[in-house]
C-alpha cells in the first residue's frame, strides 16, 4: 500500500460526513431549527478526525517530508495552498462552534450563522479533497522512493495509534478545568 492510500480512505469518510451535514442542513432549511448536539458532533468530527488526525498526518508527516525535497514551483505552490486551506478549515470550524454556542444559548439569530458555516464546510471540503486526491497526492509520489513512501506509511500508522490517547487526554483535561 502506498502512503497516500490511508489519506484517500480518510477522505471517503470525510465525504460521507459532509453528505450527512448536507442532509441535515436541508432539514434545517425546512424546519428553521437545528439540533445543536448534531452540530457539536460535526464540529468534533471535523476537529478530531478531519483536522487533527487527517490534516495532522498531511502537515506533520507528508508536508514535512516534501518540504525537504526539491519540489517544482507548481507542486510547492499547491502544497502551500493546501496548508492555507487547512487553516481556513479550522477557521470555519471555530466560527461554526461559536455560532452553535450562541444558538444553544437561545440566540435564535445565530441559526443563520450556523447554517452559513455548515454551507461553507459543504462547499469547502469536496474541492479541497479533490485537489489532494487528483492533483497533489499523485504529483507528490514522484518525489519519494519506495522506501521513503513505506517509511511514511509506517509513520502514519504510528500517528493514528497515538490519536485516541491525545483525544481523550484532552477530554479529561477539559473536564478537569470545569
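The values are calculated or read from the model by the stated rules, or taken from the named source; none is laboratory data. What you are looking at is a predicted structure, and each value in this text was computed from that prediction instead of being measured. Cβ: placed from backbone, ideal geometry, glycine included. Neighbour counts: every protein chain shown.
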Name the residue that is modelled with the lowest pLDDT, counting only residues in the range 46-72 that are surrounded by fewer than 16 Cβ atoms within 10 Å (Cβ to Cβ) and in a loop (DSSP other than H, G, I, E, B). 68
Residue 33 being modelled with pLDDT under 95 and within 12 Å of residue 118 (Cβ to Cβ): no
Please specify each residue of the range 139-156 satisfying the condition of being without any contact (Cβ under 8 Å) to a residue 24 or more places away in the chain and surrounded by 10 or more Cβ atoms within 10 Å (Cβ to Cβ). 142, 151, 154
